[in-house]
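Notes follow the structure.
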Amino acid sequence: MSVIVLVEHTEGNIKKKNFEAVQYAAEIAKQTGTKVTAIVLGTLGDAEMEGLGAYGANKVLHVADSRLNELHARAYAKALTIAAKKESSQIIITLNDINGRAVAPRVAVQLKAGLVSGALYYPDTAKGFVIKKAVFSGKAFSYVNIMSDIKVIMLMPNTFPLSTGSGKAVVEKLEVEFGDKDFNVKVKSVDKVTGEVPLGDASLVVSGGRGMKGPENWGLIEDLAKELGAATACSRPVADAHWRPHHEHVGQTGGTIRPDLYIAVGISGAIQHLAGVNGSKTIVVINKDPEAPFFKAANYGVIGDAMEVLPRLTEAVKKFKLHK
Amino acid sequence: MPDTSTKIILKDNDTAINNLGTTFVINPYDEWYALVRALELKEAGIATDIHLITVGRADVEPVIRKALALGGDEAVRIDADSNDPFETAGYIADYAKFVGYDLVLSGKEAIDYNNGTTGVMIAELLDMDFIGFATDIQIETNTATVKREIEGGEETDSCTLPLVIACQKGVAEARIPNMRGIMAARTRPLKVITPAAVMPLTAVLSYEMPPAKAGVKLVSPDNMDELVELLHSEAKVI
């Protein structure tokens, strides 16, 4: 018996959200009186893998096949399923992110396991195996019971604060035999946006709407984001007008984000937009219209012209950082 | 599913959603991107037949007719009520196995339960490849070239058919049905299929509304130092 958790890495490093997944698995293992096995696919140093012990992993299974350095969802799913069987794992954890969503559903089918995506809390075992998740893009929550013996949980990143302990995980090699069809999807080219904080991972987000008047004013959003170390986002009309790339669109038909801080500038706060961002821990709304519905969903509000308020806020952040 | 402007209201001790007065729509990702791209592929002579498949009871038929008004050769309604991704995928995969599709397009997720898992599960059940978060799809002979979102950027993949692709913005531009399409949709076949035997593996027990915000604290636009201080010492986010 164990809880097994998929841990991804990029360029030799493990991201914060993957530590969060290990920590989440460790808490469930504690509740259910079992241990945590992490599975790492591709090339990664032993020190990084042993370090997962600080977040509660007892053991790391390492499939050291360099083909797995890029996502091959069928190969990933095969390795995870084999590892889960080997460890007799009843609970399998991945993140609810782009890669997790390509892998976890395959594992669930292979193991005939019920799956909950976007988990926001630990399972409640008082009435079964019940997990809280957001539905209608955050307009409500649902409590989903997994009825199968084996359970797959996809954790929403940035849900729990990270706390580090001590301890080293034991690393074991795992050999998995892959077939050609596990690598059918070929990566032709990769185009990474460098120097920007990826929106899905960001704990701070600055977002602009139609109130920014035009793409030429986006420097003001970017200046503030840069000063804060934040990612940038936008509302749907802005993406539709091609002022900003569509991957920045947050809302019910765009991305759903849950940062610690969401600063909405010149966004009125239509119900569709709120749906994508109301999981944010703190919301700041800057809008010159005091009647903007977004103020009702905000923790802090500034009624004023974005063009004037933004440079002042950027300056204030700069000053704050100097005196910290 | 409920239109995006729907305000969610719970009923029956928070175990169900009150759909009274709710407008039901096609999942926007399915309609705007997956369906329209399928139509474009047919217009370009690449696809020969387009089937629109849904799982639902008779009350979803008006929504299917709306989809058919945009195009497609026939619609298939698998007569079941499913709220579990494995169950939904099982029904669709069973029918798809019987027909034998070269390309299955879905939206990146449904905007009601936000799972984004049905497409991948269909691929797994049919032993097919899957590419998610697609922003561009080109098909040449038997190979798909797909741009997709990755963390912090974009990637171009290629894969031979058969293939399942989950679509998002970029794949196509939304269309509005015209009168000819609406008239034609009335005569296009809408098959009703008895579902295969698939047991759900999960069930929604109850719902909950998000807690109301305590109320906004207004800060003067002339005092951004105060806002930064509040974010630091009160909200503790910077």
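Every read-out reported here was derived from the displayed coordinates using simple, explicitly stated rules and does not represent laboratory data. Everything quoted here is computed from the prediction, not taken from an experiment. All Cβ positions, glycine included, derive from the backbone under ideal geometry; neighbour counts span all protein chains shown.
For region B:1-91, calculate the relative contact order in percent as a whole number, restricting contacts to Cα pairs under 8 Å that are 6 or more residues apart.
Once normalised by length, the contact order is 22 percent.
Given the pairs A:Lys30/B:Lys11; A:Lys213/B:Lys217; A:Lys59/A:Lys192; A:Lys35/B:Lys147; A:Lys17/A:Lys78, which are separated by over 28 angstrom at their Cα positions?
Those over the limit are A:Lys30/B:Lys11; A:Lys59/A:Lys192; A:Lys35/B:Lys147.
Which of these, A:Gly179, A:Gly279, A:Gly255, has the largest mean-square fluctuation under a Gaussian network model of chain A (Cα springs below 10 Å)?
Maximum among the listed residues: A:Gly179.
Of B:Thr156, B:Thr141, B:Thr54, which has the largest mean-square fluctuation in a 10 Å C-alpha GNM of chain B?
B:Thr141
Helix A:306-323 sits at what angle to the longest principal axis of chain A, using alpha carbons and giving 0 to 90 degrees rounded to 10?
60 degrees
So what's the back-of-envelope 222 nm ellipticity for chain B, counting only DSSP H runs of four-plus at -39500 (n - 2.57) apiece and dividing by all residues, rounded to 500?
-6500 deg cm²/dmol
In degrees, nearest 10, range 0 to 90: what is the angle between the Cα axis of helix A:98-110 and the longest Cα principal axis of chain A?
Helix A:98-110 and the main axis of chain A meet at about 40 degrees.
Can you list the trypsin sites (Lys or Arg not before Pro) in region A:19-103 that are in a DSSP coil and have 14 or fewer other beta carbons within 10 angstrom?
none
Take the alpha carbon atoms of region B:196-219, find their center, do the same for region A:1-27, and report the distance between the two centers in whole angstrom.
Here the answer is 25 Å between Cα centres.
How do B:Tyr95, A:Tyr262 line up, fewest other C-beta atoms within 10 Å first?
Arranged by neighbour count, lowest to highest, B:Tyr95, A:Tyr262 become B:Tyr95, A:Tyr262.
Remind me, what semi-axes does region A:2-109 give for its equivalent ellipsoid, largest first in whole Å, using sqrt of 5 times each Cα gyration tensor eigenvalue?
19, 16, 12
Around A:Ala119, with a cut-off of 15 angstrom between Cβ atoms, what is the net charge of the other residues, counting Lys and Arg +1 and Asp and Glu -1?
+1
What's the average, rounded to a whole number, of partner chain beta-carbon atoms within 10 Å of each residue's beta-carbon in B:205-215?
Across B:205-215, the average partner-chain Cβ count within 10 Å equals 5.
So for the pair A:Lys85, A:Asp305, with labels modelled 7 Å out along Cα→Cβ, what separation do we get in nm?
6.8 nm
How far is helix A:218-228 tilted, in degrees, relative to the longest principal axis of the Cα atoms in chain A, given as a value from 0 to 90 rounded to the nearest 10?
50 degrees
Stick to Cα atoms and the Kirkwood definition of Rh, then tell me Rg/Rh for the protein assembly as shown.
With Rh from the inverse mean 1/r over Cα pairs, Rg/Rh is 0.96.
What FRET efficiency, computed as 1/(1 + (r/R0)^6) with R0 = 25 Å and r the Cβ-Cβ distance, is obtained for B:Glu61 and B:Met183, rounded to the nearest 0.05?
0.90
Residues in region B:46-71 near a label at B:Asn83, defined as backbone nitrogen under 19 Å from the 7 Å Cα→Cβ point?
Zone members listed by number: B:55-60.
Only loop residues by DSSP count here, and only those with at most 15 other Cβ atoms within 10 Å; note down the GluC sites (Glu not before Pro) in region A:83-178 that meet that.
Loop-located and lightly packed - A:Glu175, A:Glu177.
Percent of Cα-Cα pairs more than 30 Å apart in region B:10-193, please.
More than 30 Å apart: 17 percent of the Cα pairs in region B:10-193.
Over the protein assembly as shown, what is the percentage of antiparallel beta bridges among all DSSP beta bridges, to the nearest 5?
Roughly 35 percent of the beta bridges in the protein assembly as shown run antiparallel, per DSSP.
Can you give me the C-alpha center-to-center distance between region B:131-184 and region A:72-88, rounded to a whole angstrom?
What the calculation gives is 28 Å, centre to centre.
If you average the alpha carbon positions of region A:110-171 and of region B:5-75, how far apart do those two centres end up, in angstrom?
Region A:110-171 and region B:5-75 have Cα centres spaced 29 Å from each other.
B:Val99 label point, 7 Å along Cα→Cβ, cut-off 12 Å on backbone N: hits in region B:24-60?
B:48-55
Mean Kyte-Doolittle of at least 1.0 and a Cα length of 24 Å or more along the axis: which whole DSSP H helices of chain B meet both?
none
Taking DSSP loops as anything outside H, G, I, E and B, show the longest stretch in chain B free of trypsin sites (Lys or Arg not before Pro) there with at most 12 other beta carbons within 10 Å.
B:58-235
What distance in nm separates the simple spin-label points at A:Glu177 and B:Leu20, each placed 7 Å from Cα in the Cβ direction?
6.2 nm
Relative to the compact-globule scaling 2.2 N^0.38 Å, provide the ratio for the alpha-carbon radius of gyration of region A:2-183.
0.96
Please list, in order, the residues from region A:22-52 whose amide nitrogen is less than 12 Å from a point placed 7 Å along the Cα→Cβ vector of A:Met1.
Inside the label zone: A:29-35.
Return an integer: the convex hull volume of the alpha-carbon atoms of region B:102-215, in Å³ per residue.
234 Å³
Could you give P(r) for region A:199-323, binned at 10 Å from zero, as whole percent values over all Cα-Cα pairs?
All Cα pairs considered, the percentages come to 15, 51, 32, 3, 0.
So, in nm, how far is label A:Asp191 from label A:Lys281 when the simple model puts each one 7 Å beyond its Cα toward the Cβ?
Modelled inter-label distance: 3.5 nm.
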